[in-house]
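A.B. asks: Starting off with a structure, shown below.
Please treat every number below as a calculation from the coordinates, not as lab data. Keep in mind it's a predicted model, so treat the numbers as computed, not measured. In this analysis, Cβ positions are derived from the backbone assuming ideal geometry, glycine residues included, and neighbour counts consider all displayed protein chains.
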Amino acid sequence: MTYDVVLTSTAEADLRRLDSAVARRVIEKLQWLADNVETIRLETLTGSWLGVCKLRIGHYRVLYTREATRRRIVVHFVRHRRDVYKKPGSRGRSE
């Protein structure tokens, strides 16, 4: 059963900044994730990112959380792999 995908305001801004071809790939991959989240092994993070999962799309990473009881995926960030895990001030985990 498909999950709903919810983007935080930070993730929406990240997506708008991407090249249209990359943004399209991200959206397609998020739809795939929503359709398959219960049948795949999620890539979970550790340390200060405990409870957050990552999705790899080329050189970009989507950081998200899964809310199984509400059947939704909350996307927090969509950023280049060199920037996504940095936490200087406002670049930390959103909302």
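A.B. asks: Given R₀ = 25 Å, what would the calculated FRET efficiency be for His59 paired with Thr39, taking r from the Cβ atoms and rounding to 0.05?
C.D. replies: Computed FRET efficiency for His59 and Thr39 comes out at 0.45.
A.B. asks: If you count the DSSP beta bridges with both ends in the chain, what percent of them are antiparallel, to the nearest 5?
C.D. replies: Antiparallel bridges make up about 80 percent of those DSSP assigns within the chain.
A.B. asks: Gain in length, Asp19 to Leu50, computed as 0.36 nm per residue apart minus the alpha-carbon separation, to one decimal in nm?
C.D. replies: That pair, Asp19 and Leu50, stretches by 8.2 nm at full extension.
A.B. asks: Then there's this: Report the full-extension gain for the segment Val6 to Arg82: residue separation times 0.36 nm, less the Cα-Cα distance, to one decimal in nm.
C.D. replies: Result for the pair: 25.0 nm of gain on full extension.
A.B. asks: Provide the per-residue ³J(HN,Hα) series for region 75-85, in order, calculated from phi with Karplus coefficients 6.51, -1.76, 1.60 and θ = phi - 60°, each as a whole number of Hz, with x at glycine and proline positions.
C.D. replies: Each residue of region 75-85 in turn: 8, 9, 9, 9, 9, 4, 4, 6, 10, 5, 8 Hz.
A.B. asks: Can you give the alpha-carbon Rg of region 18-58 over 2.2 N^0.38 Å, where N counts its residues?
C.D. replies: It is 1.32.
A.B. asks: Which number do you get for Rg(Cα) / (2.2 N^0.38 Å) in the chain?
C.D. replies: Working it through for the chain, the quotient is 1.01.
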